[in-house]
Structure formats: structure tokens, C-alpha cells
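Contents: one structure, followed by commentary.
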Amino acid sequence: MVINEQVDAQHQSLHCPVCGQPLSFRLARGRKSNKPLLMVMCLQDGRHFRGFIGDRDYLAKLLEHLEQGQVPVNGDQH
Ligand SMILES: [Zn+2]
């Protein structure tokens, strides 16, 4: 259990192998498949590192993390 949590924490804070900056995670969609993809990119320079994660289990897990950690935008409150 504890080991799993540590692995999760590492996934949340990947660093660029070139400059060592934290990599940014952004949700995207495949142009042809329209399936959800996770775009992983270096904040400093996209040429350093850029990739996509399409694993459904990993994405589902990550989305849970995002939903727990971020307050969803709600336009109803005014
Ligand atoms: Zn970099």
C-alpha cells in the first residue's frame, strides 16, 4: 500500500531529463481516435521532452487525482 502511494507521487512529479524542470501534464485528445491522451511536455522548452500517454488505466487514475486536488470550474456561482 505504502509503496503504491510512493509510485503515484513519483508519477505526479516527473522531471525533464534535459533541464531538470518539472514536466507539465495536459489532457489532450487523439486527432483520429478522439481518445483521451495525456500530453507530457517540458515547461522550459518543448524540444527537451514531449510525449503522450494513452494508457487508459493510468489516465483514469490520474484523472481521479486531478478531481481530488483541483476544484472544478463552476460557472453557476455568481
Ligand atoms: Zn527541459
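Residues that are surrounded by fewer than 15 Cβ atoms within 10 Å (Cβ to Cβ) and at pLDDT 90 or above within region 22-42 are absent altogether. Residue pairs whose Cβ atoms lie under 7 Å apart, sitting 6 or more positions apart in sequence or on different chains, and linking a residue in region 26-38 that is of a type outside the set (Lys, Arg) to a partner that is in a loop (DSSP other than H, G, I, E, B) and at pLDDT 85 or above, are Leu37/Gly54.
Out of region 46-78, which residues are among the acidic types (Asp, Glu), at pLDDT 80 or above and over 17 Å from Ser13 (Cα atoms)?
Asp55, Asp57
The values are calculated or read from the model by the stated rules, or taken from the named source; none is laboratory data. In this text, all values refer to a predicted model and were calculated from it rather than measured experimentally. A quick note on method: Cβ atoms are made from the backbone with ideal geometry, for glycine too, and the neighbour counts reach across all protein chains shown.
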